[in-house]
Amino acid sequence: MALGLNIIVGFAGLLDLGYVAFFAIGAYVAALTGNAVLTNLNYHIPFLVVLFVVAPVVAAIFGVLLGAPTLRLRGDYLAIVTLGFGEIVRISLNNLDDITRGPNGISSIPDPTIASWSIGEGFSIGGLEISGNGVYLYVELALIALTLAVIYRLNDSRIGRAWIAVREDEVAAAAMGINTTTVKLLAFAAGAWFAGMAGAMNAHLITQVSPESYTFAISVLILAMVVLGGLGNPPGVVLGAIILTFLPEKLREFSDIRFLVFGFALVLMMRFRPEGLL
């Protein structure tokens, strides 16, 4: 998720506060196509097709739908519109009872199967036992590696350079012949693509999806990962994601002041190293 948001915020310079909506869309697409037990609709599609095609494409389409009416907006105004989009998606999921089961969500989503093998079963190689959770971990790591590879290739392409040009000076970029409309839409679509893929994987991992899992706080946390690690720097974003996943868990024993410590650390970061850790 953080690597996907880095395309929108870090590369193209578009502040998106409703990014969790794309994650939610990917998760619900996977839930509706993954043979869930408690669901109103169930159109089964093979897991790999959902993970790499269906969920990312649906999320990317919504990314374009969000980007199209906001092309003239910048800064705070764009942030407010994207925040509204995130809330619209969450409220819609909460009210489309016939499809999403409303506040109850979709649950009992089984482990994905590839051929006849279920990820949750795990496997063994040469006497080494890999549990189902271990398989999920390695699949996630593979997806992160794939995402990084794609992002680095995008960085070296005309599209990646156009994103950076728009971020630095949109007027100058337009004057140099860059189609800023297309470039911005591609940024929203690419960022949403990776969020949709992450959502599809997450739905199977936690076995249920519900609207309260996709709140504004998640968007803020993912944005903090990008800013903390370093805007536009993929390794920095990975580091920021690791820290902001690990730190809150370690502070759980200080539950009363956990968010105070967390917020204070971010304030210090903005004061002494605003460009990020890397």
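The values are calculated or read from the model by the stated rules, or taken from the named source; none is laboratory data. Please read these numbers as outputs of a predicted model, since none were measured by experiment. Positions of Cβ are backbone-derived with ideal geometry, glycine not excepted, and every protein chain shown enters the neighbour counts. For the accessible areas, the whole protein counts, side chains as well, though only heavy atoms, and no ligand, DNA or RNA atoms are used. Shrake-Rupley method; radii C 1.70, N 1.55, O 1.52, S 1.80 Å.
Averaged over every viewing direction, what's the projected area of the C-alpha convex hull for segment 121-278? Give it in nm², one decimal, please.
13.0 nm²
Skip the ligands, DNA and RNA, and give the accessible area per residue of the chain with a 1.4 Å probe, whole Å².
On a per-residue basis, the chain sits at 50 Å².
Specify the residue with the greatest mean-square fluctuation among Leu15, Leu71, Leu251, computed from a Gaussian network of the chain linking alpha-carbon atoms under 10 Å apart.
Leu251
Which three extents, in whole angstrom, do the alpha-carbon atoms of segment 11-165 cover along their principal axes, largest first?
56, 43, 20
Please report the carbon-and-sulfur percent of the accessible area for the chain; probe 1.4 Å, protein heavy atoms only, DNA, RNA and ligands left out.
Its accessible area is 67 percent carbon and sulfur atoms.
In nm, what is the difference between 0.36 nm times the number of residues separating Leu146 and Phe123 and their Cα-Cα distance?
Full extension from Leu146 to Phe123 adds 6.0 nm.
Which one, Leu137, Ile125, Ile164, is farthest towards the positive end of the dipole of segment 83-164 when Lys and Arg carry +1 and Asp and Glu -1 on their Cβ?
Looking along the dipole axis, the top candidate is Ile164.
Among 122-132, 52-62, how do they line up from the highest to the lowest mean number of other beta-carbon atoms within 10 Å?
52-62, 122-132
Could you tell me the calculated FRET efficiency between Arg258 and Asp76, based on Cβ-Cβ distance and R0 = 25 angstrom, to the nearest 0.05?
Working from the Cβ atoms, E equals 0.30.
For the chain, what is the relative contact order in percent, using Cα pairs closer than 8 Å and at least 6 residues apart in sequence?
That works out to 34 percent.
For segment 1-89, what is the relative contact order in percent, using Cα pairs closer than 8 Å and at least 6 residues apart in sequence?
That works out to 39 percent.
Can you tell me the dipole magnitude for the chain around its Cα centre, using point charges on the Cβ only (Lys, Arg +1; Asp, Glu -1), in Debye to the nearest 20?
About 580 debye.
To the nearest 10 square angstrom, how much accessible area does Val183 have with a 1.4 angstrom probe?
Roughly 20 Å² of Val183 is accessible to a 1.4 Å probe.
Just reorder Trp117, Trp163 by solvent-accessible area, largest first, 1.4 Å probe, all chains present.
Trp117, Trp163
How many nm is it between the label spots at Asn35 and Gln208, if each spot is 7 Å from the Cα in line with the beta carbon?
Rounded to a tenth, the inter-label distance reads 2.1 nm.
Return the label of the correct value of Rg and Dmax of the Cα atoms in Å, as calculated from the structure shown, out of [x] 19.2, 63; [y] 21.2, 66; [z] 21.5, 87.
From the options [x] 19.2, 63; [y] 21.2, 66; [z] 21.5, 87, the structure gives [x].
Sorted by accessible area (1.4 Å probe), largest first, how do Arg167, Arg153 line up?
Final ranking, largest accessible area leading: Arg153, Arg167.
Ignoring ligands, DNA and RNA, how do Asp16, Asp111, Asp76 rank by accessible area with a 1.4 Å probe, largest first?
I get Asp76, Asp111, Asp16, largest accessible area first.
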